Amino acid sequence: MKVDTVIVGAGPGGLAAARGAKRVGKRVLVIDDNWGPGGQIWRGREDLLIEGVEFQFGRQLAQLDVGFGQLILACGARELFLPFPGWTLPHVLGAGGLQALVKTGLAVKGKRVVVAGSGPLLLAVAANLKKAGADVVLVAEQASWKRLMRFGFGLWRSPSKIVQAVELANGNYRAGLWPVEASVGGVTMSDGKRWDCDYLACGFGLVPNVELALLAGCQLKDGFVAVDEYQKTSVDGVYAIGELTGIGGVEKAEAEGEAAGSGQKLQGSHAAFVHSLRDCFALRPELKDLVRAKTLICRCEDVRFGQLQGFASRREAKLQTRCGMGPCQGRVCGPAIEFLLGWEADRVRPPVLPVRVKDLIRLN
């Protein structure tokens, strides 16, 4: 099938782009590495398939090897993990990661769960876990109550988000609190109190998956893909939507997807909400003091924080310690290192995801 528009990502933004492109008569192909549509938000909902749109699921796009007239990148974001003593224990997972496991069959009924980190995602995860029968004993937000109140007052522009916040309210929510050390069967928080739990779900915000955009040569601004009012990037024929252009949630992703797919100018701006999220949930400097010399930073290559001391850049540390050279290719340790040491990624090379040697041979 010859297509006009290739969309990478079948989350809310990618699906909106597919609907917009189909509506104006384009032939559309949607590629996603999951086994169904919905992304992380609507995972498991088969009713999201769009008639007349071709979907290819379970396909990882490790480099830009597809032909396209228009390429829309809807790659979403991943969780930011911040290392602390015990963060690699079996019962410690990403907040969104635990939610994804529950949606695919993990039983958490009756399990005690502590959800900790930063951002509105914590409340959404807690609500889903509670719906699945988990006992959410604590939701800990590292931002202060002062910042949260400022964020809440700013929601007057978005009544729907106020409704969502009320629906997700949790009586065990605490602000100005974060994990300092996990141990078998529990976690100690910054106030010195230990909480017993079967699962500790941590997530300190989101990091946009900009690797494919960088491979295409797209320009970034403040860590996100720079776009115009039509979602066009600096590269002809390449568009970016959703979390790639700023962390802002489902409504932003759908609006940008519709604009990119249909070729129309974006209606309305979500910039104020994006900036409010960024400012109110900015990570506090105390989180940099959690790591110790023996704390694992790169789990793939077993590199500890003390081994990174004395190097001047991520590239230098990578050459000497293999930090960031494992299966995740720095997706986990890279953003953490940038927060802890200020080392930004120097470049992105294909493949951006682990691939089999025989697949590389076939590509070449």
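Readers should treat all values here as calculations from the given coordinates under stated rules, not as data from a laboratory. What you see is a predicted model, and the numbers here were worked out from it, not measured in a lab. Reconstructed Cβ throughout: ideal geometry from the backbone, glycine too, with neighbour counts over all protein chains shown.
Please give the Cα centre distance for segment 238-290 versus segment 19-96, rounded to the nearest Å. If you average the Cα positions of each part, the centres end up 16 Å apart. If both residues of a DSSP beta bridge must be in the chain, then about 30% of such bridges are antiparallel. Only lysine pairs 8 or more places apart or on separate chains count here, and in segment 40-147 those with Cα atoms under 16 Å apart total 7. A cut-off of 5 Å between modelled amide H atoms, ignoring neighbours fewer than 5 places along the same chain, links VAL136 with VAL113.
Checking every one of the GluC sites (Glu not before Pro) in segment 1-81 against DSSP loop status and a limit of 15 other Cβ atoms within 10 Å picks out GLU51.
Sparse packing (at most 15 other Cβ atoms within 10 Å of the Cβ) combined with a DSSP loop state is found for the following trypsin sites (Lys or Arg not before Pro) in segment 173-261: LYS193.
Using only the C-alpha atoms, the convex hull of segment 92-204 corresponds to 93 Å³ per residue.
Dipole of segment 213-264 computed with +1 at Lys/Arg Cβ and -1 at Asp/Glu Cβ about the Cα centre; of VAL225, GLY249, ALA259, farthest Cα towards the positive end is VAL225. Over the residues of the chain, the helix contribution to mean residue ellipticity at 222 nm works out to -8000 deg cm²/dmol, using -39500 (n - 2.57) for each DSSP H run of at least 4.
Tell me the relative contact order for the chain as a rounded percent, counting alpha carbon contacts under 8 Å between residues six or more apart.
Values: 736 pairs, mean separation 73.3, N = 364.
Taking the mean separation of contacting Cα pairs over the length of the chain, I get 20 percent.
Qualifying trypsin sites (Lys or Arg not before Pro) in segment 281-333, where qualification requires a DSSP coil assignment and no more than 11 other C-beta atoms within 10 Å, comprise LYS294. Estimated translational diffusion coefficient (Stokes-Einstein, Kirkwood radius over Cα pairs, 20 °C, 1.002 mPa s) of segment 314-353: 208 µm² per second.
Every Cα-Cα pair in the chain was counted, and those over 35 Å apart are 25% of them.
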